Structures are given as structure tokens and as C-alpha cells.
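Peer 1: Structure incoming, see below.
No value in this document is a laboratory result; all are computed from the given coordinates. Just so you know, these numbers come straight off a predicted model, no measurement behind them. Here the Cβ positions follow ideal geometry from the backbone for every residue, glycine too, while neighbour counts run over all protein chains shown.
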Amino acid sequence: MGLAKSRSSASSASGFSLIEVLIATLLLATALTTLAQMFALSTHTNMNARNTTYTAVLAQQKLEELRSLTWGFDTQGLPISDTSSNTAVSPETPNGGTGLAPSPGGSLGANTDGYVDYIGATGDKLGGGAVPPANTVYVRRWSVEPLPSNPNNTLILQVLVFRNRDRGTANDGAGRVMPDEARLVTVKTRKSQ
Amino acid sequence: MTMRLRSESGFSLPEMLIAAAIMVTVIGGVFTVMNPAQGTYRTQPEVTDLQQRLRIASDMLGKDIVMAGGGVYAGGMTGALSNYFAPVMPHRLNDPSEGVYFRLAQGATDASDSISFFYVPSTGAQTTIREDMPQPSSELKVDPQANCPPAKTEQLCGFYDGLQAIIFDETGAWDPITVTQVQPAALHMQHKNPLSKSYQKGAVVAMAATRTYYLQTDVATNTFQLRLFDGGLSDLPVVDNVNKLEFEYYGDPQAPVLLPNKSLTDPIGPWTTYGPKPPPLGVDNTKDTWAAGENCLYSVQGGQHVPRLTDLAGGVGQVRLTQAMLTDGPWCPDATSMWRYDADLLRLRRVRIKLRVQAPTELRGPAGTLFRHAGTSSAGQHYVPDQEVAFDITPRNLNLGR
């Protein structure tokens, strides 16, 4: 019995065939590639997280800018509205922009002059216009719509921020938001002091 | 035995070569993957951490600054703090190493890396001074306001030992105080701060969130911290490795105007478009340096109140308030007050914050576009570049009429 076992083990110690080695190598290569993809994936996920953070902060910034524009009553109780401030440049200029003037339809779906600005890598404003400058990293579009039930005093403000790329059909529907994009909505009402 | 000997005939040279070639390919493949993977393995957790620090810093600053100027809502002098004094100041407040009166950090020429602001949180601790102070006093005699929580041991109207509070009046004067002792039965409380003036009956004392955010930079010790000082007790780091913190201020370009149809003797404000109201014409506050009917925002010319501030940039849009504009006067409540502040600060409506965070030293390369401060990393795959963001905050209480 012992002899038989030793003999069989001796005969199986004849080594691997080339085919066996090749298959093993293939398996190892596949495993390593998958593993390498995990690293790429982690880098990519971090990039996405960064984009999500930036788009959210930038969208918030535009809302805060629009919020700070004059939309109230003067000392005589008459409504005053800022419809000329240009918030697409830094620092903002009192003229040359649209302020809180109602936006044309579809200003979230296309780059509409007066309702879009372009942002560089460090969150710096690069200006507005229908065409993004070369070093644009994020595109920020916004819309200003009067609230149908109180059009003179209440505005719906929306901001959409995304990484500078072709959004494809996401531009068609109203308010589609893709991953790592940010879209914020708020309401601004005239208040008397 | 003979069989084993026969099978140990060894490898032929071609077999050897093929085996070696396969081995080299496999090991080469392993190294191709492992080398960059090691970089990723080192850097990506730091990237996550850096982004999280950026989020925390921007979130904390944003949520806090948006509250600036929230005023008292019970007792006297209700409404936003900006109707009485400037609730946002472009410098550190009460720096522990600088004494009470503070404008700039030691050796600094610019305070744009610091902001101080105040708001009254949701609290019952809001009351008024009961009697005129004979001199700047460390003892406050207060009114039992209707909103005061029931007196408890060592608690008077919600005030207790160690509480951060502010005291202010209608002249534009204010003082930050730290309560040190309360005597509920006598309606007295003590505080430890020297006051800038003797407050009159009716001045407000309220619990206040006092915040000073500032950047502490020391390249020698590799310290880059966003810190928060609460005005009295604690001075703590909030986020590490912040290498840039800049505040810009934007404000109302129009000069303040007295609201028509609003009597200056009306107890409920606001009386002007912003800032503290002047005394009625001909009435003089003997405790300040202004003439009758005047304060830091209004002079009297030809029998009328005339604003001391002018329209900036034609009075439209919003203007950037530069450090120079915020430190050149006119001073409120007057130029001699210990807690004076520039009247232009009352224009303030929006704060822009620029924030940049960096990775630890061993993951930073040479100083340049990617890195504000050089690190010790020598290989590109071990670089984690700085990340910078700029955002705006519009404190709601400073924009009530907008």
C-alpha cells in the first residue's frame, strides 16, 4: 500500500505541462488586471466626489449671489429690482448683466448669455457668454422665473452646475441631473423692512 | 527506485528558456501593475481626506456666517443686529495674545484671513439693563423680562457663569462680555470684560454666538490651521492643512437713508436703511463725541440729518468693500471707543470666502501651481495637489430688505 502511494506520487511529480502554465498565467493576468482596475476605480470615484463637492459649492455660490441682489421696496414703498448686475464676472459689475430679470425659457438646457458663467479649476470665474473659454472646468447655468401665483414679488431661482462636457440629451428635458452635477432651487420674495 | 531515477532526467534547454520567459512576463506584468498601484494606494486615501476637509471647512463657514447678524427677538431693540452695530468685522476679535483691543495679527499687514461675527442664537437669555451705569461697570443690573426663563440656582434669565454675551445700545456701541457670576435674587450679574462705556437703562444684554474664524500659518512648524475662537473661552483648530483663507466683502453702495414716515422716537426699528439711528434733531447724547442730533452715520447740516457715508459706484449693484475702506473711518460709535468699527462695515451684505486645502508634507511636491507650500514628495505618482474653492454667503439677517 505504502509503496503504491509513493509510486503514484512519484509519477505525478512529472511537472506542469506548458498548457497548464499558460492557463495559470492567464488567470493571474486576469486577476491582476481586475485588481488594477480597482485602483483606477478608486481614483475615478474620488474625482467624482470632488466634482460633486465643487458643483454643489458653486451652485450654492450662485444662489447666494442672486439672493444678495436688490429685490425689495424703496423708502417710498415702491418695488425696486436689480435687473442689470453682471454676476458672471468677479467682482460683479452693476451693469452689463441680467441681475434678477426673468430668464428666457431653457436657460438651464443651453448656455444662454446672461444666465451662464464659466468656472476655472480653483473656483474662479472666467466670465459669461454663449461659448465657454478654453480653460473652463465647470459650467454654471441659472434661471430666474416669476412664481406664477405672485409674479411681481416672488422669483424661483434655479442653478445647474456641471463639469464642462457635452451633456447630450440631458439638456433636452427640464431639470435632468446627471451624477456629479448639482441643481439647486430656491424662492426669493420681496420683503418690506 | 529505478523508475524515479529515469524520470529525473532534468529539463531540456528549450524548456528552461520557455519557463524563464513565462516567469519574466508574469513578474514584469506584476510590477507594471504594482508600481502605480502603490502610488494610488498611498495617495487616494489622502485625496479623500483632503476633500473631506474642504467640505467640512466650507460647510462650517457657510452655515455659521449665514447666521451673522441675527438679533434679539424678545425684550427691547429687536431685529437684526445690523440695525444697531456691525455684526461682521473683518479681523480677529479679542485675540488672546493681543489683549482686548485687536485689529491685526502680530506682524500682519492685512487681516483678510480673519473674520469675526455675532448672532443671537435661539435663547431665552435676552434682557435689558435696569439702571443707568454710573461708570463702565462689571456688574449688570437687569430687568426681569417676560421672556426670561424661571430663575434657577446660579442662573438668571438664562444667563450663567461662562456664558458668552453681547451688550449693545442704540448709539452704535457694543461690547462682548463673558458672564462670570449671576445673582438671581438681586437680578445682578458680573462679567469679566472692561466695558467701552457706561451703558444706559434699556441697553440690551443677550447671549451671543461670537465667532472668529482665522488662519494660523507657520511654515517653520508646518502649521496650517483654520481655527475658531469663540471670543472668550476656547480657541480651537477646526481643520488642518488649510493654506489659504481669504475673505472678501461686498456691500450696499448706497448711503444710508432715514426711513420716511418713521419717527426716531419709535421704539421699534428699523429707522434707517441700515445702521444705528441718529438721535432726534437737537437731542444730544452727552456720552459720545458727536454733536446734538448726530452719530457716526449721520451729521446735521442745515437742520437736517445728512449721511456721512456717500454713494459708491453710482449707488447701483454691489460694491467690493476693500480693507482700506473698512479701516479709514468714520468710526462707530465714535473714534475713541475701545470697540470702534468702521461705519462702512454696516454696508456689508455678502461675504466671499476663498479656501485652499493641502495634503500632508510627504505628498506635496515643489511649490508652484499645484502646491502653495513645498513638500517632500519627489515622484509625481505620490503627489496630491492642493484643492481650492471660492464661495459666497449672503447672511440672511443683513439682507432683510433685499
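Peer 1: Would you report the distance distribution of C-alpha pairs in chain B as whole percents per 10 angstrom bin, up to the bin with the largest distance?
Peer 2: Percent of Cα pairs in each bin: 4, 19, 25, 19, 11, 7, 4, 3, 3, 2, 2, 1, 0.
Peer 1: Please give the length that would be gained between A:ALA29 and A:HIS44 if that part of the chain were fully extended, namely 0.36 nm times their separation in residues minus their C-alpha to C-alpha distance (nm, one decimal).
Peer 2: Additional length available on full extension: 3.2 nm.
Peer 1: Residues with beta-carbon under 14 Å from that of B:PRO237, excluding B:PRO237: net charge, scoring Lys, Arg +1 and Asp, Glu -1?
Peer 2: Residues near B:PRO237 contribute -2 overall.
Peer 1: Something else about it: Beyond 26 Å, what percent of the Cα pairs of the range A:48-167 remain?
Peer 2: Result: 19 percent of Cα pairs exceed 26 Å.
Peer 1: Taking the Cβ of B:ILE166 as the centre, find all other residues whose Cβ is under 15 Å away and add up their charges (Lys, Arg: +1; Asp, Glu: -1).
Peer 2: Around B:ILE166, the charge tally is -1.
Peer 1: Okay, moving on. Applying 1/(1 + (r/R0)^6) with R0 = 56 Å to the Cβ-Cβ distance of A:ALA101 and B:MET16, what FRET efficiency is obtained, to the nearest 0.05?
Peer 2: After rounding, the FRET efficiency stands at 0.10.
Peer 1: With no solvent and one equal point scatterer per Cα, compute the Debye intensity ratio I(q)/I(0) for the range A:45-113 at 0.13, 0.14, 0.27, 0.29 Å⁻¹ and report its log10, rounded to two decimals.
Peer 2: At q = 0.13, 0.14, 0.27, 0.29 Å⁻¹ the computed log10 ratios are -0.50, -0.57, -1.22, -1.26.
Peer 1: For a label point 7 Å from the Cα of B:ALA335 along Cα→C-beta, name the residues of the range B:269-310 whose backbone N is under 18 Å from it.
Peer 2: B:287-292, B:294-300, B:308-310
Peer 1: Where the only charges are on Cβ atoms (+1 Lys, Arg; -1 Asp, Glu), what is the dipole of chain B about its Cα centre, to the nearest 20 debye?
Peer 2: Charge dipole, chain B, about its Cα centre: 760 debye, nearest 20.
Peer 1: So which of B:LYS192/B:LYS287; B:LYS141/B:LYS262; B:LYS192/B:LYS354; A:LYS191/B:LYS244; B:LYS277/B:LYS354; A:LYS191/B:LYS197 end up more than 28 Å apart by C-alpha?
Peer 2: Cα-Cα > 28 Å for B:LYS141/B:LYS262; B:LYS192/B:LYS354; A:LYS191/B:LYS244; B:LYS277/B:LYS354; A:LYS191/B:LYS197; rest within.
Peer 1: Further question on the same structure: Got the relative contact order for the range B:320-402 handy, in percent, Cα pairs under 8 Å and 6 or more residues apart?
Peer 2: 26 percent
Peer 1: Follow-up question, since we're still on this one. What residue among A:THR75, A:THR112, A:THR52 has the largest mean-square fluctuation in a Gaussian network model of chain A, using Cα springs under 10 Å?
Peer 2: For chain A, modelled as a Gaussian network with Cα springs under 10 Å, the answer is A:THR75.
Peer 1: Report the charge-dipole magnitude of the protein assembly as shown in Debye, nearest 20, computed about the Cα centre from +1 at each Lys and Arg Cβ and -1 at each Asp and Glu Cβ.
Peer 2: So the magnitude is around 1540 debye.
Peer 1: Moving to a separate point now. What average count of beta carbons from other chains do you get within 10 Å of the Cβ of residues in B:42-48?
Peer 2: 3
Peer 1: Check B:ALA203: other-chain or 5+ apart residues with amide H under 5 Å from its amide H, H built from backbone geometry?
Peer 2: When sequence neighbours closer than 5 places are left aside, the close amide H contacts are B:ILE129.
Peer 1: Would you kindly state how much longer the chain becomes between B:THR265 and B:GLN301 on full extension, computed as 0.36 nm times their sequence separation minus their alpha carbon distance, in nm to one decimal?
Peer 2: 10.9 nm
Peer 1: Then there is this: Hey, can you rank B:383-391, B:201-209, A:21-29, B:296-304 by average C-beta count inside 10 Å, highest first?
Peer 2: B:201-209, B:383-391, B:296-304, A:21-29
Peer 1: Further, regarding this structure: Angle check, please: helix B:13-65 long axis (alpha carbons) against the longest principal axis of chain B (alpha carbons), in degrees 0 to 90, nearest 10.
Peer 2: 0 degrees
Peer 1: Other chains' Cβ within 10 Å of B:147-157 residues: what's the mean?
Peer 2: Mean partner-chain Cβ count within 10 Å for B:147-157: 0.
Peer 1: Among residues other than B:TRP290 whose Cβ falls under 12 Å from its Cβ, what is the net charge (Lys/Arg +1, Asp/Glu -1)?
Peer 2: It works out to a net charge of -2.
Peer 1: Got a sec? How would A:TYR115, B:TYR73 order by Cβ neighbour count within 10 Å, fewest to most?
Peer 2: B:TYR73, A:TYR115
Peer 1: Here's something else I'd like to know. Give me Rg/Rg_expected for the range B:311-374, where Rg uses Cα atoms only and Rg_expected = 2.2 N^0.38 Å with N residues.
Peer 2: Here the answer is 1.78, to two decimals.
Peer 1: Additional query: For a quick check, take a GNM of chain B with Cα springs below 10 Å and name the residue from B:SER116, B:SER196, B:SER82 with the largest mean-square fluctuation.
Peer 2: Per the Cα network of chain B with a 10 Å cutoff, B:SER196 tops the list.
Peer 1: Have a look at B:ASP311, B:ASP143, B:ASP64 and tell me which one the Gaussian network model of chain B (Cα, springs below 10 Å) gives the largest fluctuation.
Peer 2: Looking only at B:ASP311, B:ASP143, B:ASP64, the largest GNM fluctuation is found for B:ASP311.
Peer 1: In nm², what is the average projected area of the convex hull enclosing the Cα atoms of the range B:239-298?
Peer 2: 7.5 nm²
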